[in-house]
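To keep things clear, I will list the structure first and then write my remarks on it.
Every number here is computed from the coordinates shown, using simple stated rules; none is lab data. Everything numeric in this text was worked out from a predicted model, so none of it was measured. As a convention, Cβ positions derive from the backbone with ideal geometry for all residues, glycine included, and neighbour counts pool all protein chains shown.
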Amino acid sequence: MRSIGLAAACASTLLLAGCGDEVSESRMVIEAVAGSFLSIGRETAPVQRPQFSRAAIEETGQDFVLASVPQRGVAALLQRAGQNGPEETWLTEDGVSVTYERGFLVATRGLGPDLMAADVSGVLAAVARGGGDATRVHEYLDGNDQMVRHDYACRVERAGTERITIYERSYNTEKYEETCRRGAQTFTNTYWIGAGGVVWKSRQLISPPVGYLDSERL
């Protein structure tokens, strides 16, 4: 994510107010949470949602994902960095990245212990059917930097419809819950999916030590 390079005194107050007429609200969008995955928060601190308008977001002319890790009390604005087939990678200014396949999380970098890779094809198929059983595969690095594979047995269920609002824009969505088990480990991912299969909002597991990634497409 590119930096606008505002004065330090101004940057510290961007979440609350502008620093003069020369600072547009669109600059606040970019500066407000740049790099914050690595620089703010305690594990028990609540995530602070940045305050800016829909008009300011659109004025930047860029696509963003607002993501947070509740277990760590951190949030960041990510900009689209690239696309490889159905996979999109989003990046913060300080190099933290998340990759989604059609809105379903398949990799993270810089959050550690990261989700190195994931096979979500079965989950995608279950959602397309309106629910059902699926297998999900995660790959993580162990203490010896060796890749280990975790296979999860999952159940995808439609949890009704919900109208959500993301920075002044509302979407009619279908809510899906995916509950996965592997031995004693259990987790539940939640997706709010709009027209055309767009995942506008989600809560998805990164790894047990890191917890969930909450994300909204702006």
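Couple of notes before you dig in:
- For peptides 172-179, 83-90, 64-71, sequence by mean Cβ density within 10 Å, most packed first: 64-71, 172-179, 83-90
- Computed log₁₀ I(q)/I(0) - Debye formula, equal Cα scatterers, no solvent, the stretch 84-218, q 0.10, 0.17 Å⁻¹: -0.32, -0.93
- Karplus-derived 3J(HN,Hα) values for the stretch 106-113, using 6.51 cos²θ - 1.76 cosθ + 1.60 with θ = phi - 60°, are 10, 6, 9, 9, x, 9, x, x Hz; glycine and proline are entered as x.
- J(HN,Hα) series, the stretch 144-153, from Karplus relation 6.51 cos²θ - 1.76 cosθ + 1.60, nearest Hz, glycine and proline x: 9, 6, 9, 6, 10, 10, 10, 9, 10, 8
- Proximity of backbone amide H atoms, modeled 1.01 Å from N, is registered between Ala159 and Lys175, Tyr176, Glu177 at under 5 Å, excluding neighbours fewer than 5 places apart on the same chain.
- Other residues with beta-carbon under 12 Å from the beta-carbon of Glu157 carry, at +1 per Lys or Arg and -1 per Asp or Glu, a net charge of 0.
- Here's how it looks for Ala117: its modeled amide H is under 5 Å from those of Glu139, which are all 5 or more places away or on a different chain.
- Phi to ³J(HN,Hα) by Karplus 6.51 cos²θ - 1.76 cosθ + 1.60 over the stretch 119-127, Hz, x for Gly, Pro: 10, 10, 4, x, 5, 4, 5, 5, 5
- q = 0.18, 0.23, 0.28 Å⁻¹, the stretch 53-113: log10 I(q)/I(0) [Debye, one scatterer per Cα]: -0.68, -1.02, -1.26
- At q = 0.16, 0.28 Å⁻¹ the log10 of I(q)/I(0) for the stretch 128-179 amounts to -0.67, -1.01, computed by Debye summation with a single uniform scatterer per C-alpha, solvent ignored.
- In this simple spin-label approximation, Val137 and Arg109 carry label points 7 Å from Cα along the Cα→Cβ vector, and these lie 2.1 nm apart.
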